[in-house]
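Trainee: Below is one structure. I have some questions about it.
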Amino acid sequence: MFVRIIILDINNIVSYWKLDKKDCILFKDTEEDFYVIFGEYNHKNQKTKGEFCIGVCWENYPIQRDKLSPMVLSKETSNGLLDGLFIKAVKDKNQKLSDKILKITEKLK
């Protein structure tokens with residue numbers, strides 16, 4: 001059996017994202033190489049401080065200037081995604097993920 005190990009290279013993400021490298025991945029789908037991340041996003045570093053956001057990317061897409069550039073989700077889309085992930089966490093009895101989602105939801109308010 002072939003097992004593929006996927007690692008998102010946090011060090012190769014555009015500078016607009018400020019991420020806690022130890023805890024910035026909310027969800028990963030290893031079959032699709034798809035990630036849901038969270039952190040501070042400052043579009044083109046135009047502001048002193050960015051906003052707390054949810055982003056999505058694949059292991060190697062989208063790329064901008066040889067850097068991974070996760071797509072920023074709107075608050076409405078983020079909330080819908082978090083709702084779905086929360087339902088999955090409850091269904092899977094994953095308390096750690098449930099708690100993490102609740103904390104992220106509070107930060108998005």
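The values are calculated or read from the model by the stated rules, or taken from the named source; none is laboratory data. Since the model is a prediction, treat every value here as computed from it, not as a measurement. Counting neighbours? That spans all protein chains shown, and the Cβs are built from the backbone with ideal geometry, glycine included. These area figures cover heavy atoms from the full protein model, side chains too; ligands, DNA and RNA do not enter into them. Shrake-Rupley method; radii C 1.70, N 1.55, O 1.52, S 1.80 Å.
Trainee: Kindly check whether there is at least one residue in the range 1-23 that is in contact (Cβ under 8 Å) with a residue 24 or more places away in the chain and on the phi > 0 side of the Ramachandran plot.
Mentor: No, that holds for no residue.
Trainee: For the range 20-74, what are the residues that are among the aliphatic types (A, V, I, L, M) and in contact with a helix residue (DSSP H, G or I) (Cβ under 6 Å, 6 or more places away or on another chain)?
Mentor: Residues of the range 20-74 among the aliphatic types (A, V, I, L, M): 25-26, 36-37, 54, 56, 63, 68, 71-73.
Hits for the range 20-74 are ILE54, LEU68.
Trainee: A further question follows. Is it true that PHE52 is open to solvent by 20 Å² or more (accessible area, probe 1.4 Å), within 10 Å of the chain's Cα centre (by Cα) and not aliphatic (A, V, I, L, M)?
Mentor: So PHE52 does not fit the description; no.
Trainee: For the range 58-84, which residues satisfy the criterion of being farther than 24 Å from LYS109 by Cβ and under 13 Å from the mean Cα position of the chain (by Cα)? It would help to see each step written out before you state the result.
Mentor: Step one: list which residues in the range 58-84 are farther than 24 Å from LYS109 by Cβ, which gives 58-69.
Result: TRP58, GLU59, LEU68, SER69.
Trainee: Turning to a different aspect of this structure: Is it true that ILE25 is modelled with pLDDT under 90, in contact with a Leu (Cβ under 9 Å, 6 or more places away or on another chain) and of a type outside the set (Phe, Trp, Tyr)? Working first, answer last.
Mentor: Values: modelled with pLDDT under 90: no; in contact with a Leu (Cβ under 9 Å, 6 or more places away or on another chain): yes; of a type outside the set (Phe, Trp, Tyr): yes.
Considered against the rule, which asks whether it is modelled with pLDDT under 90, in contact with a Leu (Cβ under 9 Å, 6 or more places away or on another chain) and of a type outside the set (Phe, Trp, Tyr), ILE25 comes out as no.
Here's the yes/no breakdown for (1) open to solvent by 60 Å² or more (accessible area, probe 1.4 Å); (2) acidic (Asp, Glu); (3) under 14 Å from the mean Cα position of the chain (by Cα):
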position: LEU8; (1), (2), (3): no, no, yes
position: LEU19; (1), (2), (3): no, no, yes
position: LYS22; (1), (2), (3): yes, no, yes
position: GLU31; (1), (2), (3): yes, yes, no
position: VAL36; (1), (2), (3): no, no, yes
position: GLY39; (1), (2), (3): no, no, yes
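Trainee: Filter the range 66-87 down to residues that are outside any strand (DSSP E or B) and within 17 Å of ILE10 (Cβ to Cβ) and give me whichever is least open to solvent (accessible area, probe 1.4 Å).
Mentor: Of the residues in the range 66-87, the ones outside any strand (DSSP E or B) are 66, 69-70, 73-87.
Subset that is within 17 Å of ILE10 (Cβ to Cβ): 66, 69-70.
Numbers: ASP66: 130, SER69: 24, PRO70: 7 Å².
Restricting to residues being outside any strand (DSSP E or B) and within 17 Å of ILE10 (Cβ to Cβ), the top hit is PRO70.
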